1. Kindly evaluate residue B:37 against the criterion of being crowded, with 16+ Cβ neighbours inside 10 Å and either over 30 Å from residue B:324 (Cβ atoms) or in contact with a strand residue (DSSP E or B) (Cβ under 6 Å, 6 or more places away or on another chain) (or both).
2. Taking the conditions exactly as written (under 22 Å from the mean Cα position of the chain (by Cα), within 30 Å of residue B:5 (Cβ to Cβ) and either without any contact (Cβ under 8 Å) to a residue 24 or more places away in the chain or crowded, with 22+ Cβ neighbours inside 10 Å (or both)), does residue B:299 satisfy them or not?
3. In segment C:42-54, what count of residues is obtained for those that are part of a helix (DSSP H, G or I) and within 11 Å of chain B (Cβ to nearest Cβ)?
4. So if I check each of B:167, B:118, which one is touching a residue at least 60 places away in the same chain (Cβ under 8 Å), surrounded by fewer than 22 Cβ atoms within 10 Å (Cβ to Cβ) and within 23 Å of residue B:331 (Cα to Cα)?
5. Evaluate segment B:145-158: report whether one residue or more is surrounded by fewer than 21 Cβ atoms within 10 Å (Cβ to Cβ), closer than 30 Å to residue B:192 by Cβ and touching a residue at least 12 places away in the same chain (Cβ under 8 Å).
6. Does residue B:57 meet the test of being at pLDDT 90 or above and farther than 30 Å from residue B:27 by Cα?
7. Can you name the residue in segment C:6-27 that is touching a residue at least 24 places away in the same chain (Cβ under 8 Å) and more than 7 Å from chain A (Cβ to nearest Cβ) and is also nearest to residue A:16 (Cα to Cα) among such residues?
8. If the requirement is being more than 25 Å from residue C:1 (Cα to Cα), modelled with pLDDT of 90 or more, out of contact with any strand residue (DSSP E or B) (no Cβ under 6 Å at 6 or more places or on another chain) and crowded, with 19+ Cβ neighbours inside 10 Å, which of these qualifies: A:48, A:41, A:77?
């Protein structure tokens with residue numbers, strides 16, 4: 001297995017773990033943690049392809065990852081603000097209970 | 001001869017490593033450097049605790065500790081051996097963990113505090129050719145591991161299951177996060193002018209002399225303001241007075257390390273002072289010329305002596321400020337960071353840009369100083385706007 | 001790959017698994033911080049220094065703290081007593097297994113993965129700055145705009161509304 005395939009498998013495994021958590025846990029914040037892990041897995045994938053790919057001097061993958069991190073931070077901030085707002089309104093952060101638009 | 005003295009540690013390291021085969025040399029020289037840092041800086045910490053107690057005592061018109069010499073001998077050191085019994089006391093105290101505390105997190109918090117701070121020492125240049133890791137993005141590494149300290153503060157405060165600890169931890173994290181931004185923005189001005197994030201390059205940029213005075217960044221308008229902002233933000237990052245609300249005894253017992261005793265408390269204490277030294281070291285590297293001499297006729301003094309002399313001066317100023325200034329309230333702290341320091345740091349970046357693009361000469365000094373002074377006056381007025389200082393009104397008592 | 005890489009990868013994956021499976025939310029957040037540090041160490045081994053340091057600064061230093069603050073503001077700090085898994089969690093596990101199988105098969109059998117390893121690229125900060133200011137200046141400005149909007153939006157969404165709570169109450 002080439003080093004590239006090792007990195008990609010690690011990233012796929014990390015993605016699967018994040019996905020499993022995001023889909024199976026009840027608490028809204030844990031879903032956000034799962035989303036952050038998935039974003040990290042995607043960034044790892046990009047860096048692995050930048051490093052072992054054909055044209056690393058162009059720095060395209062590198063800069064893609066920098067922008068991805070900035071946007072992940074923005075998305076985490078807005079997502080957590082939403083969770084806090086929902087908690088304030090419904091007094092719960094349990095995703096099984098927050099399933100009606102009424103109220 | 002003085003050149004040899006300047007490079008004495010580098011040559012000693014090469015000589016020690018030359019006993020081993022080629023393949024082992026990088027690892028062993030790194031280990032030797034790590035061991036030296038682990039010896040030098042905790043020793044400096046021990047000395048600084050004594051200096052602080054004596055210094056604070058003198059400022060408060062009393063003697064500090066003045067009796068302890070080296071225990072079990074007859075050597076009298078007028079109080080400078082105080083750190084030996086202090087260390088022994090901390091090591092032998094009983095380690096009390098509250099019953100409801102989260103044991104794993106409570107145990108790991110001091111460890112998680114020390115590791116990033118010790119990592120931060122690896123990029124500081126202590127002398128000519130004397131930094132352990134010469135990263136291309138060394139400044140970013142330092143700032144990144146400085147930000148990782150906040151996790152440890154949270155772990156300590158939350159795992160103690162004590163409302164005072166949690167409150168102290170939340171206050172400390174809010175303060176650290178707020179003051180990180182002026183810290184980073186004032187470092188950005190240095191990066192703009194030097195053109196590199198490499199700390200050795202930043203020091204080399206200050207190693208030139210005009211009329212016998214060195215090109216330290218603090219001698220320029222943007223550098224002066226940058227250093228002032230950096231220094232205040234460094235005080236806040238290391239939770240020193242006047243920003244020690246999260247850990248002051250009269251406020252919140254001891255904040256996030258209320259429930260720690262014995263060796264874990266010693267580790268927190270050590271971590272806090274080592275953090276103070278590290279960030280002072282970064283301030284010296286960025287603004288005060290690192291290991292360079294201030295005047296060209298003093299360049300014969302070895303570079304590492306200059307670095308540690310500047311470090312001691314800054315530590316003395318930290319202690320001086322601790323003994324002199326009162327504490328800021330939480331809302332005053334946050335107002336100061338967001339409404340004064342952040343706009344002033346942004347104006348400083350503008351001024352650094354103006355400085356770079358105007359040619360060398362007296363005009364740029366005038367223009368940059370004028371912009372900074374105008375911004376400082378406007379922001380200062382804005383901050384004082386809501387303060388109505390007048391006769392005291394009692395709302396409920398008569 | 002070198003044993004160091006394997007150890008770092010194992011630590012990262014363990015951190016991720018603990019982050020998704022522990023009952024206490026704060027422990028999950030701390031395990032997530034460990035996973036992020038592991039990913040930063042992986043970046044450093046792939047010669048992506050700037051991204052590794054930025055990962056520690058952004059993820060461990062800011063996003064982990066943000067998640068911890070949100071956990072405390074939604075009063076979820078205690079260990080829950082009821083089940084922590086949502087209803088229909090087995091479907092989620094099945095879909096995850098299918099996703100991982102597809103990804104693994106694609107990685108191992110794809111022809112897009114080249115066989116020879118190029119030399120370690122030199123991603124100096126100077127080259128990064130040049131690229132950001134010449135080729136990627138439009139995404140840079142757009143990301144700045146997006147971050148400002150996200151910050152304003154997050155503050156607005158999480159702001160406490162005093163008026164709606166006090167309306168209709170007698171003075």
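The values are calculated or read from the model by the stated rules, or taken from the named source; none is laboratory data. From a predicted model like this one, the values you see are computed outputs, not experimental measurements. Cβ sites come from the backbone with ideal geometry, for glycine too, and all protein chains shown count toward neighbours.
1. yes
2. Taking the combined requirement at face value, the residue does not satisfy it.
3. 7
4. B:167
5. No, segment B:145-158 has no match at all.
6. yes
7. The selected residue is C:11.
8. The unique qualifying residue is A:77.
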